[in-house]
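The values are calculated or read from the model by the stated rules, or taken from the named source; none is laboratory data. Computed from a predicted model, the values in this text were never measured in an experiment. Backbone-built Cβ (ideal geometry, glycine too); neighbour counts: all protein chains shown. Ligands, DNA and RNA are excluded from the accessible area calculation, which covers all protein heavy atoms including side chains. Shrake-Rupley method; radii C 1.70, N 1.55, O 1.52, S 1.80 Å.
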Amino acid sequence: IMKIANVNSDKVKVIYSGCPKIDFEAVNESKKNISLPEGKYISAITSMLPHKNAVGIIESYKAYYKKSENPMDMLVIGLENTDSFDIDKETASHIICHKFFEKDSDMQAAIAKSQLFLFLSKKEGFGFPPVEAMKLSVPVITSGASSLEEIVTNNGEAAALIVDPDDYEAVADKLLLLENDQKLINELIVKGSKNANRFRWSIAVPKYIETVFSRS
């Protein structure tokens, strides 16, 4: 903004978006009514749009599957199947694809029941999914690209594990880390909840009003 509009930094005010509230009662009801993987699993959101980096999700899981002695399954929201990816049948059999959830509560239930949430997008205007996962008390591994690192960092402290979306081996290592490290999981859940609390309309709206209608 400073470069294109040719204004000083004191003329720019950053106001973060509010994140929609989660109906936890509806989420708990969805957990009972939809089919979800048994045991611990990884949840991920992507699509076939290039910047959503579906390849990164699949390749990272492939690397993780080879490294883990007891790999978790992965539920991928946004893909119909893995047919267009370079993946062997055994590894593919542990990836459950769900193209679309009609209800927000169903999608949120799928994330809430998972061991961790993986988001490797390369470009986002904001990046709601990691914040939603944090609201659902799920530890997050996310790309550090675009706006995402800023969204998951609170007062200089990362509330998620931040990765290079093109470094599949490094992502796999983070997946391994969150298989059984309960101390780290608990730390990320606490930090994530605190971070997600920043993104409320009750905070954003007064800032908009103050900024837009200020006479200074």
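A few points about this structure:
- If you wrap the range 165-212 in the convex hull of its Cα atoms and look at it from every side, the mean projected area works out to 5.3 nm².
- Calculated from backbone phi, Karplus (6.51, -1.76, 1.60) coupling profile of the range 54-60 in Hz, x at Gly/Pro: 4, 4, x, 4, 5, 5, 5
- Selected from V12, V138, V205 as most flexible by GNM, with the chain as the system and alpha-carbon contacts under 10 Å: V12
- Per-selection Rg to Rh, the range 29-100 - Cα, Kirkwood hydrodynamic radius: 0.96
- Accessible area of the chain belonging to carbon and sulfur atoms, whole % at 1.4 Å probe: 51
- Gyration tensor verdict on the range 84-127 (Cα atoms; rounded if a/c is under 1.5, prolate if a/b is larger than b/c, oblate otherwise): oblate
- Structure-based [θ]222 nm, the chain - -39500 (n - 2.57) summed over DSSP H runs of at least 4, per residue, nearest 500: -12500 deg cm²/dmol
- Once the Cα-Cα distance is subtracted from the 0.36 nm per residue extended length, the L177 to V12 segment shows a gain of 55.5 nm.
- Angle in degrees between helix 168-180 and the longest Cα principal axis of the chain, rounded to the nearest 10: 80
- When the alpha carbon gyration tensor of the range 54-150 is reduced to an equivalent ellipsoid, the three semi-axes, largest first, read 22, 16, 14 Å.
- For the range 111-216, relative contact order (Cα pairs under 8 Å, six or more residues apart, normalised by length) works out to 26 percent.
- Using alpha-carbon coordinates, inclination of helix 182-196 to the longest axis of the chain, degrees: 30
- Semi-axis lengths (Å, descending) of the ellipsoid that matches the C-alpha gyration tensor of the range 108-216: 28, 16, 12
- Highest average first, the peptides 189-198, 96-105 ordered by how many other beta carbon atoms sit within 10 Å of their residues are 189-198, 96-105.
- The chain gives an Rg/Rh value of 1.01, both radii derived from C-alpha positions and Rh following Kirkwood.
- Highest mobility in the GNM of the chain, judged by mean-square fluctuation with C-alpha springs under 10 Å and restricted to D83, D106, D173, is found for D83.
- Net +/- balance of residues flanking S147 in space, Cβ distance below 13 Å, scoring K and R +1, D and E -1: -1
- Of all DSSP beta bridges confined to the range 100-189, the antiparallel ones make up roughly 25%.
- Listed by chain and number, the aspartates and glutamates whose alpha-carbon sits under 12 Å from that of K123, ignoring those within fewer than 8 places in the same chain, are E149.
- Considering only beta bridges that DSSP places wholly inside the chain, some 10 percent are antiparallel.
- Here T211 sits with roughly 60 square angstrom of accessible surface, probe radius 1.4 Å.
- The chain, relative contact order in percent, only Cα pairs under 8 angstrom and at least six apart counted: 23
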